[in-house]
Every structure is written in structure tokens, then in C-alpha cells.
Amino acid sequence: MDLWFTESDMKTYGLVFKIKKTLYVGKSKYQTVAVFETVDMGRLLVLDGLVMSCEYDEFAYHEMIAHVPLYTHPSPENVLIIGGGDGGTVREVVKHDIVKSVDLVEIDEEVIKVTKEYLPVLGSAFDSPKLNIHIGDGIEYVKDTDKRYDVIIVDGSDPVGPAVGLFSESFYRDCYERLKEDGIMVAQTETPYDVNLRVHVPQIYKNIRKVFPDTRMYIANVACYPSGMWSFAFATKKYDPIKDFQGVRYEKDGFKLKYYNDQIHKACFILPNFVRDFIDG
Ligand code: SPD
């Protein structure tokens, strides 16, 4: 008998994976957490029926959400990650020697526990001495904290359930306030393909731009997310991702990465016409 996982919110189009076996399914306080062993794409982390990370290509998403801001800011010492309980973004951020401390605010402790047990490739940096894990709501955290950050990375789930508020103007305003005067916020902003959308992507950009007038979209190819094209908002108080690219530090670090490189850093801001029209039109 063939076993298939199908994303739960398909309307007219969506993702399916052939599954070897179910490794874990459990209900946390917030959502259903599941891990599957796929036939040929490694392990798959699913929250409330939606794909969060797949071992096959998670590097693309996590390298792009982390290294684009970190190689734009000249001195990203203090980093805040909202969400990111699967650890992939932390793994990329702590590679940077220049980063001194990372606060990770994840609402669902279960996601971290399950990642540690079933997805060690993603969770390999949870024991980094730079990392402070806060279990709680990222929306409340940015409202209440006194800390100021160089870079904030919003690595939330899709905009259904507990993550809806991570796409609101008021949340982006609180992020703006928690950044230093030259800070950068990067947020995952779903696929720019206008099919089966979970959220109206242009509305996300309107919300961010009300707070950060200089906000651009950049894109990456992520095969295991719907459409394969994924977008990120780069919202900046001062630095320009192209002019301020930290090429010397990039060369010196010499990380062995699978997706991100100096050319991708610049090219990812060049958008297809239909995407430009969609968000700016
Ligand atoms: N269904 C795609 C959701 C992508 C958003 N976040 C993924 C979290 C991986 N750290």
C-alpha cells in the first residue's frame, strides 16, 4: 500500500510526498506536530498539516533567511529569531563569528523537542553557547522586551493558526522599535505565485512598508514549499543589501554553503515581472 502526505489546505493545487513511515505525530498546546520519513526526500516536519521543513532542501530556505541580512549588516552582533523552532535558522546564524548572541523566541516547545529527537540535521545548533531560547509568543516578546537588536529574523509558520499575527502591521511596528537605529528585519513572506494563497502577499508588503519604507522582496527556490518559489521581505532602516554587501567578511568566512553565495546575494533581489507587478502594482 502506498502512503502519501498531502498538505491540508489544498484547494486547487498543492504538495504531496510519498511516505515511508510516520515517525511522530502528537498534539501540542498549539498545533499537531508530525514528522514523516519520505521515500527519497529525507524527513519532513509538518505543523497542522502544513510543510515546515524537509531535509531534502531546507538548506535553501534557512541559508537565505539568515545570510542575506547577516552579510548586509556590517556588525550583526545581536540577533533575534521569532519562530524558527526547527533550529534551521539558528544553525545558519551561529556560523557567523561576528554574531555574539542569538535570542530564539518559539511559541511551541514541542517543536523544539521533536526537532531535537527526529531532525538532528536541523537541530544541530540548539546547544550553541550563543543561543538563548525563550518559550513564548514572539508577538508579546517584541512588545515587551527592552532589548535592541541588529537583526530580527521572522521565521514563522504559514499565516494560519498561531502565526497569523506575525504578518500584521502592529507586529512589524514592534519589530521596528526593537531594532537599533541601523537594524534590519527579514521575514518569510510565503510564495508570490497567486494560487492557493494562504495570505494576500501584497497586503503583507503594505503592512511592512507602513513601518519600514525601505522594504524589498527577495526570492529563493525551495522545492518542498508550494510553487517552489519562496519570498522574504528585507526591511531596513539604513543598509542597502546590494551596496552594503559585506564581501570581505563573506570571503574570509568561507562557509561551505549549498545555496547562498555572493552572486545569489545580489541576484535574489531581481524579481520576475509578474512578482514585481503583484507586490508593487
Ligand atoms: N509551508 C512553508 C512555511 C515556511 C515558513 N517557515 C518555515 C519554518 C522553517 N524554519
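Elements of the type helices (runs of 4 or more DSSP H) sitting completely within segment 183-276 and holding at least 3 residues that are open to solvent by 60 Å² or more (accessible area, probe 1.4 Å): these cover 201-211, 247-253.
Looking only at residues that are outside any strand (DSSP E or B) and in contact with a Gly (Cβ under 8 Å, 6 or more places away or on another chain) in segment 138-166, which one is most open to solvent (accessible area, probe 1.4 Å)? Among those that are outside any strand (DSSP E or B) and in contact with a Gly (Cβ under 8 Å, 6 or more places away or on another chain), it is Arg148.
Restricting attention to segment 103-137, report how many residues are of a type outside the set (A, V, I, L, M) and either in a loop (DSSP other than H, G, I, E, B) or open to solvent by 70 Å² or more (accessible area, probe 1.4 Å) (or both).
Within segment 103-137, the first condition is being of a type outside the set (A, V, I, L, M), and the residues that meet it are 103, 106, 108-110, 113, 115-118, 120, 123-124, 126-130, 132, 134, 136-137.
Within this subset, residues satisfying the condition of being either in a loop (DSSP other than H, G, I, E, B) or open to solvent by 70 Å² or more (accessible area, probe 1.4 Å) (or both) are 108-109, 113, 116-117, 120, 123-124, 126-130, 136-137.
Summing the residues that are of a type outside the set (A, V, I, L, M) and either in a loop (DSSP other than H, G, I, E, B) or open to solvent by 70 Å² or more (accessible area, probe 1.4 Å) (or both) in segment 103-137 gives 15.
For the residues Leu23, Leu15, the requirement of being surrounded by fewer than 23 Cβ atoms within 10 Å (Cβ to Cβ) and in contact with a Phe, Trp or Tyr (Cβ under 6 Å, 6 or more places away or on another chain) singles out Leu23. Inside segment 6-32, residues that are away from the ligand (no atom under 13 Å from the Cβ) and either of a type in the set (Val, Ile, Thr) or outside any loop (DSSP other than H, G, I, E, B) (or both) make up a count of 14.
The values are calculated or read from the model by the stated rules, or taken from the named source; none is laboratory data. As the structure is a computational prediction, the values presented were derived from the model and not from experiment. Don't worry about glycine lacking a Cβ; one is built from the backbone with ideal geometry, like all the others, and counts go over all protein chains shown. Surface areas here come from the heavy atoms of the whole protein model, side chains and all, with no ligands, DNA or RNA. Shrake-Rupley method; radii C 1.70, N 1.55, O 1.52, S 1.80 Å.
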